[in-house]
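Asker: Below: one structure in structure tokens.
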């Protein structure tokens, strides 16, 4: 039973991802961040549990990628799709050609996950933007629109903003850019400076910026990663 715990956590990730899609299409937006947070936590815990229990298996890795494809590939694409549907005022219809480009993000998420599975460099840090972080950017934009946070609804749901976000996020997911990961060898300051700075600033942003903190923190993460890369080269 114990050896199945990692796969059960991965299954929870997949279940919550599927549920989030239903919530988005049903207009139950308040459930989306709850379900995605569970997916992110389960995605983190399944790998940790596999290492602690020493039950890593090839099937678990494949199942993890499939679950991530749904939770962090289909879900963000669906969020942007629904925002575009709202802009083009399709009423009760759930299909519109102009909204379909939202799923380009899903395509690149699949590409990103495939690259991750075969790239042996990504043991501690990431090469390219990982799919959960990309999803957090989209979630923040989606919730800013749904709650009209700071009156930014018209901006968060505008096709220009969504189109630029899709292009930039898609490129970042497959770009050959090193971004710091969350795996640490110790909890000391030395060697983890960028992680502690990001954690402190990220938490502060959550209190100060609310839903807007999600896309802001993703941008901050990328900037800190680039600065960290530059400092190492120097």
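The values are calculated or read from the model by the stated rules, or taken from the named source; none is laboratory data. Since this is a predicted model, take the numbers as computed values, not measurements. Cβ sites come from the backbone with ideal geometry, for glycine too, and all protein chains shown count toward neighbours.
Asker: Considering only the range 31-48, how many residues are free of Cβ contacts under 8 Å to residues at least 60 places away in the same chain and either surrounded by fewer than 21 Cβ atoms within 10 Å (Cβ to Cβ) or not in a helix (DSSP H, G or I) (or both)?
Answerer: 8
Asker: Mind checking which helices (runs of 4 or more DSSP H) fall wholly inside the range 137-234 and carry at least 3 residues that are on the phi < 0 side of the Ramachandran plot, out of contact with any strand residue (DSSP E or B) (no Cβ under 9 Å at 6 or more places or on another chain) and in contact (Cβ under 8 Å) with a residue 40 or more places away in the chain?
Answerer: 159-174, 213-233
Asker: Being surrounded by 16 or more Cβ atoms within 10 Å (Cβ to Cβ) and modelled with pLDDT under 75 is the filter here; which residues of the range 49-70 pass it?
Answerer: 50, 60
Asker: For the range 19-30, give me the residue count where each residue is in contact with a helix residue (DSSP H, G or I) (Cβ under 6 Å, 6 or more places away or on another chain) and touching a residue at least 24 places away in the same chain (Cβ under 8 Å).
Answerer: Qualifying residue count for the region: 4.
Asker: What's the number of the condition residue 81 fails, among (1) more than 25 Å from residue 182 (Cα to Cα); (2) under 18 Å from the mean Cα position of the chain (by Cα); (3) outside any helix (DSSP H, G or I)?
Answerer: Residue 81 satisfies every listed condition except (3).
Asker: Out of all the residues in the range 89-98, is one or more surrounded by 13 or more Cβ atoms within 10 Å (Cβ to Cβ), in a helix (DSSP H, G or I), in contact (Cβ under 8 Å) with a residue 12 or more places away in the chain and in contact with a helix residue (DSSP H, G or I) (Cβ under 9 Å, 6 or more places away or on another chain)?
Answerer: No, the range 89-98 has no match at all.
Asker: So residue 17 ticks every box in (1) assigned to a helix (DSSP H, G or I); (2) surrounded by fewer than 18 Cβ atoms within 10 Å (Cβ to Cβ) but one. Which box is left unticked?
Answerer: Among (1) assigned to a helix (DSSP H, G or I); (2) surrounded by fewer than 18 Cβ atoms within 10 Å (Cβ to Cβ), the lone unmet condition for residue 17 is (2).
Asker: Still on this structure: Hey, among the residues in the range 115-129 that are more than 18 Å from residue 58 (Cβ to Cβ), in contact with a strand residue (DSSP E or B) (Cβ under 7 Å, 6 or more places away or on another chain) and surrounded by fewer than 17 Cβ atoms within 10 Å (Cβ to Cβ), which one's modelled with the highest pLDDT?
Answerer: Among them, the one singled out is 125.
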